[in-house]
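**Student:** Submitted below is the structure of interest, expressed as structure tokens.
The values are calculated or read from the model by the stated rules, or taken from the named source; none is laboratory data. As the structure is a prediction and not an experimental result, all values here were calculated from the model. Quick reminder, even Gly has a Cβ in these numbers, built from the backbone with ideal geometry, and neighbours come from all protein chains shown.
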Amino acid sequence: MIVSIHQPQFLPYLGFFHKVAHSDLLVHLDDVQFLERGHQHRNEIKMQTGKQWLTVPVVQQRGQTIDQVVIDTGTNWRRKQWAALESNYRPAPFFKELAPGLKQILLEGTQTRLLDLDLDLLHWAFEVLELRMPTRRSSELQVSGTQTERLVSICQAVGATVYLSGQGGRLYMELALFEAAGIEVRFQEFHAPSYPQLFMQHGFIANLSVVDALFGCGRGARELIAAR
């Protein structure tokens, strides 16, 4: 069984979904430290003037884990984000078809925890991309240890025979620990594909939030993450 393990992110880029598409199980790594100004609560979209960050404001607390992060409801961030998406992507071929589902979560949602928002948005994207694999949360598995030890323990807890890692894993993972546990490690090979984008005066911009590809390609974006 091929398992991928990834921190929950806010509308992540296509590479995340490529890894998920080639896994039998996704484990949301939700009990590790929250990274301020990381992709756990923000991502980039394309707009008429170039790139723009969409950021979910959160209540900052030192040392909090992702599953503990609370959204700062003292701002009108939902309305501002939806206005940015609508004004920039309304001309996109599949905006009218896909916008209602995203609007229900992002603009009309009542999530108070970042994790709940991230997972609701991920499930929306999974549905569009026809990714219907089971998921687990690491916080449910009662595992611990250093970076690699935790990954190995998660794999053991869910019965993984193969761990599918992003390329960044080469920089920090202790591969001998996986070998000792009898778990094969494979590294993802993802090359950002091109697809129809708006505002081509700025050229093609790779690795934007998945909404860029979904509004541009609709359910056909599934083909962008299918290649191994």
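**Student:** Looking at (1) surrounded by 14 or more Cβ atoms within 10 Å (Cβ to Cβ); (2) under 20 Å from the mean Cα position of the chain (by Cα), can you tell me which one L141 breaks?
**Tutor:** Just one mismatch for L141, condition (2).
**Student:** Here is a list: T161, T146, T135. Which entry is on the phi < 0 side of the Ramachandran plot, at pLDDT below 95 and of a type in the set (S, T, N, Q)? Full working, then the answer.
**Tutor:** Details: T161 fails: at pLDDT below 95; T135 fails: at pLDDT below 95.
T146 is the lone residue from the list that is on the phi < 0 side of the Ramachandran plot, at pLDDT below 95 and of a type in the set (S, T, N, Q).
**Student:** Within region 66-112, take every residue that is free of Cβ contacts under 8 Å to residues at least 60 places away in the same chain, in contact with a strand residue (DSSP E or B) (Cβ under 7 Å, 6 or more places away or on another chain) and within 21 Å of Q197 (Cβ to Cβ) and give me the one that is surrounded by the fewest Cβ atoms within 10 Å (Cβ to Cβ).
**Tutor:** This residue is A84.
**Student:** Kindly indicate the residue of region 118-138 that is more than 17 Å from G220 (Cα to Cα) and acidic (D, E) and also surrounded by the fewest Cβ atoms within 10 Å (Cβ to Cβ) among those meeting that condition.
**Tutor:** Here the residue is D120.
**Student:** Hey, which of the strands (runs of 3 or more DSSP E) in region 17-112, taking only ones fully inside, have at least 3 residues that are under 17 Å from the mean Cα position of the chain (by Cα), over 30 Å from M1 (Cβ atoms) and at pLDDT 95 or above? Give the steps one after another, and end with the answer.
**Tutor:** On the way: elements: 25-28, 42-47, 50-55.
So the answer is 42-47, 50-55.
**Student:** Moving on. Test L224 against the stated conditions and say whether it is crowded, with 17+ Cβ neighbours inside 10 Å and within 25 Å of H41 (Cα to Cα). Please lay out each step first, then the result.
**Tutor:** Values: crowded, with 17+ Cβ neighbours inside 10 Å: yes; within 25 Å of H41 (Cα to Cα): yes.
So L224 fits the description; yes.
**Student:** Any chance region 40-63 includes a residue that's under 22 Å from G220 (Cα atoms) and free of Cβ contacts under 8 Å to residues at least 12 places away in the same chain?
**Tutor:** No, region 40-63 contains no residue that is under 22 Å from G220 (Cα atoms) and free of Cβ contacts under 8 Å to residues at least 12 places away in the same chain.
**Student:** Got a number for residues in region 1-16 being farther than 29 Å from R62 by Cβ and in a strand (DSSP E or B)? First the steps, then the outcome.
**Tutor:** So the first thing to find is which residues in region 1-16 are farther than 29 Å from R62 by Cβ, and the list is 1-4, 14-15.
Cutting the leftovers down to in a strand (DSSP E or B) gives us 2-4.
Summing the residues that are farther than 29 Å from R62 by Cβ and in a strand (DSSP E or B) in region 1-16 gives 3.
**Student:** Say we look at region 150-203 and pick out the residues that are of a type in the set (D, E, K, R) and assigned to a loop (DSSP other than H, G, I, E, B); which of these is surrounded by the fewest Cβ atoms within 10 Å (Cβ to Cβ)?
**Tutor:** First, the residues of region 150-203 that are of a type in the set (D, E, K, R): 150, 170, 174, 179, 184, 186, 189.
Imposing the further condition that a residue be assigned to a loop (DSSP other than H, G, I, E, B) reduces the set to 174, 189.
Numbers: E174: 14, E189: 10.
So the residue we want is E189.
**Student:** While we're here: Can you tell me how many residues in region 204-228 are touching a Pro at 6+ places or on another chain (Cβ under 9 Å), free of Cβ contacts under 8 Å to residues at least 40 places away in the same chain and not in a loop (DSSP other than H, G, I, E, B)?
**Tutor:** So the count comes out to 1.
**Student:** All but one of (1) surrounded by fewer than 15 Cβ atoms within 10 Å (Cβ to Cβ); (2) touching a residue at least 60 places away in the same chain (Cβ under 8 Å) hold for F10; which doesn't?
**Tutor:** (1)
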